[in-house]
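Input: a single structure, listed below in structure tokens.
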Amino acid sequence: VGGSPGALSPEIYVEDFVAGDGGFTQEATGNSPIDSVYNAGPGTWSMDGDDSGSATNTLDSPTITVPRAGAIQVSFDHRYSIETEWDGTALQVSIDGGPFETVPHASFTQNGYTFFGLIGNHVLAGQDGFNGDSPGYAAGEFITSIAELGSVAAGSTITLRFLGAWDEGARGPGIPNWEIDSVRVDLLLDQDGDGMPDSYE
């Protein structure tokens, strides 16, 4: 996974999918659901998209326990080719078993969402998401997106969700529409213990 602009403590979770699927679980719903797929050769998870929607793909991480209080940073390497303006994908998070909430664009410090107010008939309608083609998609290149999720208490748990939302009629020009190569979670350094990361202060 690419580097971070902020100071980090040792990672609390890292998965590159080389040795296996990382314990991620997928679900596909819609008129003709198309499952997300673990690709053992390159070590990635991928979503092909769907043109018979509305349709939804979710790919959930295992539960991650946070060892001490601090601000969480998520980094992931991915590439996407998504029907422009209509379909979209997004990062969501559940804290302590609560409902999954979409990470807002403002929380990204690198390579955040690329379209605002998606117009497709799906669960991200009117919301923001990754859309269009990521730089270098056709050449098989991945980009690194980084988001700060805010501070959590020691012993809290988080679960990450990669959400794909597709409408009917068409899907992105490149297949897969979304491919995730690696995921990392770090605690941002907070030397004075006030819950505010040093990089922010």
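Laboratory data are not the source of any read-out in this text; all were calculated from the coordinates shown. Just so it is clear, the structure is predicted and the values come from calculations on it, not from any experiment. For neighbour counting, all protein chains shown are included, and Cβ atoms are generated from backbone atoms with ideal geometry for every residue, glycine included.
Looking at the calculated P(r) for region 35-92, what percent of the C-alpha pair distances fall above 19 Å?
Tail of P(r) above 19 Å: 45 percent of Cα pairs.
With +1 on each Lys and Arg Cβ and -1 on each Asp and Glu Cβ, how big is the dipole of the chain about its Cα centre, in debye rounded to the nearest 20? Walk me through the intermediate numbers first.
On the way: 5 positive and 30 negative charges, 23 e Å.
In debye, rounded to 20, the chain gives about 120.
Could you give the C-alpha radius of gyration of the chain expressed as a fraction of 2.2 N^0.38 Å, taking N as the number of residues it contains? Let's see the in-between values first.
Values: Rg = 16.4 Å, N = 201, 2.2 N^0.38 = 16.5 Å.
Cα-based Rg divided by the globular estimate yields 1.00.
Positive end of the dipole of the chain, charges at C-beta (+1 Lys, Arg; -1 Asp, Glu), about the Cα centre: which of Asn31, Thr44, Ala153 has its Cα farthest in that direction?
Farthest along the dipole direction, towards plus: Ala153.
Reported to two decimal places, what Rg/Rh ratio describes region 15-111 when computed on Cα atoms with Rh from the Kirkwood expression?
Rg divided by Rh gives 0.96.
Residues of region 82-98 with amide nitrogen under 19 Å from the 7 Å Cα-to-Cβ point of Asp133?
82-89
First select every other residue whose beta carbon is under 14 angstrom from the beta carbon of Ile158; then total the charges, Lys and Arg +1, Asp and Glu -1.
Taking every Cβ under 14 Å from that of Ile158, the sum is -4.
What is region 27-68 by shape, rounded, prolate or oblate, if you read a ≥ b ≥ c off the alpha carbon gyration tensor as root eigenvalues and call it rounded for a/c under 1.5, prolate for a/b larger than b/c, and oblate otherwise?
Oblate.
For the pair Thr84/Tyr38, report the inter-label distance in nm, with labels modelled 7 Å from Cα in the Cβ direction.
The answer from the label model is 3.6 nm.
Starting from region 21-98, pick out the GluC sites (Glu not before Pro) whose DSSP state is loop and whose Cβ has at most 16 other Cβ atoms within 10 Å.
Passing both the DSSP loop test and the Cβ count: Glu85.
Please work out whether region 60-165 counts as rounded, prolate or oblate from its C-alpha gyration tensor, where a ≥ b ≥ c are the square roots of the eigenvalues and a/c under 1.5 means rounded, while otherwise a/b larger than b/c means prolate and anything else oblate?
Prolate.
Given R₀ = 25 Å, what would the calculated FRET efficiency be for Val14 paired with Glu101, taking r from the Cβ atoms and rounding to 0.05?
Details: r = 23 Å, r/R0 = 0.92.
My answer for the efficiency is 0.60.
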